[in-house]
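Here the structure is laid out as structure tokens; the discussion comes afterwards.
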Amino acid sequence: MNSQVAVPFSVPSTPAFSSPPNPEKHTPSEPFDLLQLARTWGLAPVLRARPVHIDQSQLTCVARGERLALWAVSGEEGATQRRLDHWHAIACQESASPVVLVARDLDARSITVAASRLGAPGFCCRSFPDHDQQEIERLESLGQHASSPELLLFELEDLLSRRALGRAFVKDFRAAWETLAGAWTGVPVAAREDRRELAFTTLIRLLFLAFIQNRGWLDGDSGFIEARIAETAERGVSVYRDFLKALFFEVLNTPRAERTAEAKALGAIPYLNGGLFCPHEVERRYPDRDLPNEVFVELFESLLGPYVFRSSELELEGEGEHATEARHVIDPRMLGHVFEALMADDDRSRSGSFYTPRRVVRRIVSEALVELLHAELDGTLRLDAPESGGRGLENGQLRRALKSLIEDNDASAFSREECERIDAFLHDVRILDPAAGSGAFVIGAFEVLVSVREALSRRAGLEHHADGLRRHVATHNVYGVDLLPAAMRLCELRLWLALSVELTVEDVDSIPPLPNLDLRLRQGDSLLEARQLDAMVGVQGPDLSHDPIMMALKERYLNAVGYEKATLARCITDKENEHFGEIMTQACDALRSQLNGFDRLERAPLLFGQPRGLSVEEERARRQVGHRLAELEQASAAVSSTGMPCFSYPLHFGEVFRHGGFDLVVGNPPWVRSHHQKETSKDRLRARYQVCHRSAWGIGSRLGGGIKAAQVDLAAVFVERALQLARPGGMVALLLPSKLMSSLSSGGLRRFVDEHANVRLIIDWSRAKETLFSATTYPSFLLLERQSIVEPEPAPAPKVRIEVVQPEGQHHCFQVMPRDLGLFKGDPSSPWLLSPPAERLELDRILATGPGLGTRFDLRRGIVTGCNQAFIPESVVPLADSSNSLLRFADGREAEVESCVLRALLRGSDIAPYRAVTSQQLLFTHAEDGSALPALPPRLAEALGARHAELAKRADLRSTMPIWSLFRVHSDLFAPKVVWRDISQQLEAAFIPANEALLPLNTAYYTAVKDADEGYLLAALLNSGPARRLAAAIAEHARGDYRRYFSWVVGLLPWPFDQLSVLQSQRLVQASRRLHGHGRRSGRTSAEDLALIDELVGLAYRLEEKR
């Protein structure tokens, strides 16, 4: 291959780009501007750079920063793997820092970008068409949200390694899954889920083999699977039954010495153990299952053939075609994308599961480990660096040193003894993801721990065998639980791959069996565990976490193989059943004791000897205890006959709870709103979790018009559960919906956090332009420290570190005292204000002005129809010589109705500052006092009668209501009122006089006012700068840079005009009237009126700045 490689660049004096391009070569209309790329990445251009000549290519340093350099490659040579290796090594040596290489291949019309890996040797790279403006913009956009060169490199690795293949690979995997699921013989067609599980298990095994065969582990043949499948098919026998089943169960799951002659004939293949190749329960149910041979031909053509399965994107050798082949390399981390995409959209919305990008995982795990180590080591270590002067780590020095260790693997700030101490702590650390999904955080924690302990080993001269270290971290440090079995399969696969792809072996015989991860990665329900345990809430059971026999059995099982593994598994299961039975027995005894107490109380004699009896409440409590006892007795009998039916943290992770819990609970739990949860689950959650009790913030609920706000997001429940699972002093690091920080329904969560944890760090990504997930979400990161149970002299809580990512990409970082986090000091359930101290000072001044608007006005949401297509026509045509109108609806229907039932309708989108205009109308089926009409005019009755079935399905309709009822209809709808938009970029309001009968729909809020002057004043207040700033600080985020201005948000704004003189109030009224267009302008411009309103409102709020 002899391609001219050049990169258009806007610095003519740079020699590498001074030659005119070959006119016969392709030149894009919009060249890739490296200077622009450097600017967006925050790198300074290097003028008059001296190029480095390598064969027929030359490398030029285009721009550089403190810890990153950007290099361009030009010349006549294509970007093959071997050349990229050479170029990357030279550039790193010249720069003494990580580098990014950019080369443009004019023949292939492509751009190749290679970036150094952070904390690991080598680089990742990808090629894309030079006319793909979207990819170029993605590269440029990385600098907008990367606060450091390290984050930029992480994001580059994420972009280069996975996004290129994401959609194509997932599509092919999904198609292969469906093909296999539909092709089974020996499995009933009606058993759809079993067929899908069998297909998924088969595909997962084949993917694993595709990775390890490229390492030569399958008889030294990188094409082993394809060759043996073709050979088996040519013999006319079943590929699945006669080859794959033998490979899976008789070879990979059987020690070499115990294999049959037929199994040995398949070649030199290691015994892998680990559970991946054990027959699953669903496979044992269908022993005669089989797949047609044609399926495997299609499988290789669509999935296994087009992709290269490697431990990294560039394990390729050679020239030419390999540069293109690298674009189809599948990295093990890609499997997380598979899990996310394989979930249908409706399943994803119900489960709230989203794959977390690797750079986000790395950031969260790193921040959590820094805080965990800081809490463990603060005040006890001494810097080894010269600037420390031999003193203890103070004033943030320890945190900075730990960040360098965790994020950059730089242990130079610590002495050898200190490294040994940190390493000893990390050797025993326990990290859990309670909603693990496909293992993004399990793998992330694994990778961080391995890299940090390797850095400590290098600094301290510790003897750590690389393979042994990785195996220890996988089997003793990381834990995962998830409700979905398929997710746990992928999690296990990824962790096995993480162990296998880095394993250093000389031959097949030296490959150790994979560890058994099923004791560390469990399928189960982290929130509800066993249904039987619900009856034990509040009942103290036995502490079984210190059982030494169980601990020894589990430790031995981790690396057991063959017969020993099966025997240990049975022993562990028997022990678990025994322990569970003890728990059930003691719980039943405790409940019987409670019943006996009620009986004694009932029979207790009063003064004259008659039995006391029980109060209504006591009788109700006795019945509840009786129901719980009956449920437990029934469950106990079932356990005796069938064994333990479920997952339980204290039983299955007893080795952790003997030390009080996990050191770190980390993850991205499901975000599921209450109305998407099953009613039975909601009842059980309410019985178990405090965040579900008094969930609404009381003050906000009252100020918002008595809103119940009882819909607790499932993520909030996970916060409480995570704190339960963490040990005292342990950390909880969760990616959560940003609304939990401020929403009305999350008051119970904030109260619980205040009582049980110290908030260490909050990162708010909700305003960032870049979305972290493939769905529209507004994420925040919350890092908590579980408070110690016994603190004779509690230490003062540390300051809360807050980082807010702005739409432009800037990161606003500041610290606040814990007592200053909430909107109202002394009210732990109030919304958290993520505002810098200067802004917070202004907001506090506003709030101190007086009580909120909710104490003065009735704030309401607009009318709800429940069926807009029945009540809101698209067009209205008055009929001549008639009191009727012809209506046309969105679904194509037409109806003639009486014009007297039509009212002007106001949507939120019809509202702008000081203006409310609409062209739509509503079929209003109520009287002006708000009551539903007892009977409808005949034509309207006919039109709505045709939609009876639709109207009857409305969720808000009650049996006592007429079928034509609207909802949230109040008598003040026709009064003079102020309206504001539900969703907007800023608070926007307008006053509507009584003679303009505009009826707000539920996308708008309103409040009635006593007269026009009060209406003009309130509209001026809501449109003013000070009020908008306070409302925006607490409003929930919506798509884009929009916010949701609920009634409780506006209800918090104080009415400040009692502070103004009569003259000042009149000036405000007149300015507002003019801006509404209801008064003469008197020579004043709108800008002057707006400035006057801001100034007078600021004065009323006692702000020093006049705006």
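The values are calculated or read from the model by the stated rules, or taken from the named source; none is laboratory data. Small disclaimer: the values here were computed from a predicted structure and weren't measured. We place every Cβ from the backbone using ideal geometry, glycine too, and count neighbours over all the protein chains shown.
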Which of the residues spanning region 861-900 are exposed (fewer than 15 other Cβ atoms within 10 Å of the Cβ), in contact (Cβ under 8 Å) with a residue 12 or more places away in the chain and among the aliphatic types (A, V, I, L, M)?
L879, A890
Would you confirm whether or not region 838-845 contains a residue that is of a type in the set (D, E), in the same structural domain as V759 (by TED's automatic domain parsing) and under 26 Å from A696 (Cα atoms)?
no
For region 964-986, enumerate the residues that are touching a residue at least 60 places away in the same chain (Cβ under 8 Å) and of a type in the set (A, V, I, L, M).
L966, V969, L973, V979, I983
Would you mind finding the one in D754, D764 that is surrounded by fewer than 21 Cβ atoms within 10 Å (Cβ to Cβ) and not basic (K, R)?
D754
Filter region 823-840 for residues that are assigned to a loop (DSSP other than H, G, I, E, B) and of a type in the set (A, V, I, L, M, F, W, C); the one that is surrounded by the most Cβ atoms within 10 Å (Cβ to Cβ) is L834
Listing of helices (runs of 4 or more DSSP H) fully contained in region 276-367 that carry 1 or more residues being modelled with pLDDT under 50 and of a type in the set (S, T, Y):
321-325, 345-351
Kindly indicate whether A895 is within 19 Å of A975 (Cα to Cα), at pLDDT below 95 and in a strand (DSSP E or B).
no
Out of (1) surrounded by 13 or more Cβ atoms within 10 Å (Cβ to Cβ); (2) over 41 Å from the mean Cα position of the chain (by Cα); (3) of a type outside the set (D, E, K, R), the one L905 does not meet is (2)
Please name all residue pairs, on different chains or six or more residues apart, with Cβ atoms under 7 Å, provided the first residue is in region 735-754 and is in contact (Cβ under 8 Å) with a residue 60 or more places away in the chain and over 28 Å from R359 (Cα atoms) and the second residue is in a helix (DSSP H, G or I) and among the aromatic types (F, W, Y).
L744/W1048
Only one residue in L493, L462, L456 is hydrophobic (A, V, I, L, M, F, W, C) and not in a helix (DSSP H, G or I). Which one?
L462
Among the numbered conditions (1) touching a His at 6+ places or on another chain (Cβ under 8 Å); (2) under 15 Å from T865 (Cα atoms), tell me where T925 comes up short.
(1)
Give the residue that is nearest to P270 (Cα to Cα), with candidates limited to residues of region 461-475 that are modelled with pLDDT of 85 or more and buried (at least 17 other Cβ atoms within 10 Å of the Cβ).
R471
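To keep it simple, each residue is scored yes or no on (1) part of a helix (DSSP H, G or I); (2) at pLDDT below 80.
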residue: V666; (1), (2): no, no
residue: V672; (1), (2): no, yes
residue: I699; (1), (2): yes, no
residue: K708; (1), (2): no, yes
residue: V712; (1), (2): no, no
residue: A715; (1), (2): yes, no
residue: L723; (1), (2): yes, no
residue: V732; (1), (2): no, no
So which residues in region 898-913 are within 22 Å of S965 (Cβ to Cβ) and not in a loop (DSSP other than H, G, I, E, B), if there are any at all?
E898, S899, C900, V901, L902, R903, A904, L905, L906
When you look at D423, is it acidic (D, E), surrounded by fewer than 23 Cβ atoms within 10 Å (Cβ to Cβ) and not in a helix (DSSP H, G or I), yes or no?
no
Just a yes or no: is a residue in region 452-475 within 21 Å of the chain's Cα centre (by Cα) and within 22 Å of S438 (Cβ to Cβ)?
no
Here is a check on your reading of the model: is L843 crowded, with 17+ Cβ neighbours inside 10 Å, within 20 Å of S1047 (Cα to Cα) and touching a Gly at 6+ places or on another chain (Cβ under 9 Å)?
no
Residue selected from region 79-112 under the condition surrounded by fewer than 23 Cβ atoms within 10 Å (Cβ to Cβ) and either in a loop (DSSP other than H, G, I, E, B) or not assigned by TED's automatic domain parsing to the domain that holds G65 (or both), by the criterion modelled with the lowest pLDDT
A108
By residue number, the members of region 224-244 that are touching a Ser or Thr at 6+ places or on another chain (Cβ under 9 Å) and surrounded by 19 or more Cβ atoms within 10 Å (Cβ to Cβ) are T232, V239, Y240, F243, L244
So, A870, is that one assigned to a loop (DSSP other than H, G, I, E, B) and assigned by TED's automatic domain parsing to the domain that holds D1089 or not?
no
Name every residue in region 854-892 that is small (G, A, S) and in contact with a strand residue (DSSP E or B) (Cβ under 6 Å, 6 or more places away or on another chain), in order of residue number.
G862, S875, S885
Check region 180-192 and report whether any residue there is at pLDDT 90 or above, surrounded by fewer than 18 Cβ atoms within 10 Å (Cβ to Cβ) and among the β-branched types (V, I, T).
yes
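Rundown of residues vs (1) at pLDDT 90 or above; (2) crowded, with 24+ Cβ neighbours inside 10 Å; (3) closer than 22 Å to I863 by Cβ; (4) out of contact with any Ser or Thr (no Cβ under 6 Å at 6 or more places or on another chain), yes/no style:
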residue: Y1006; (1), (2), (3), (4): yes, yes, yes, yes
residue: D1013; (1), (2), (3), (4): yes, no, no, yes
residue: R1029; (1), (2), (3), (4): yes, no, no, yes
residue: V1049; (1), (2), (3), (4): yes, yes, yes, yes
residue: L1053; (1), (2), (3), (4): yes, yes, no, yes
residue: F1057; (1), (2), (3), (4): yes, no, no, no
Just one listed residue, out of L1017, L973, L987, L999, is part of a helix (DSSP H, G or I) and in contact with a helix residue (DSSP H, G or I) (Cβ under 8 Å, 6 or more places away or on another chain), and it is L1017
Quickly run through region 1033-1047 and pick out the residues that are surrounded by fewer than 17 Cβ atoms within 10 Å (Cβ to Cβ) and not in a loop (DSSP other than H, G, I, E, B).
R1044
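Could you please find all residues in region 242-269 being assigned to a loop (DSSP other than H, G, I, E, B) and either more than 38 Å from the chain's Cα centre (by Cα) or among the charged types (D, E, K, R) (or both)?
Residues satisfying the conditions are T254, P255, R259, T260, A265, L266, G267, A268, I269.
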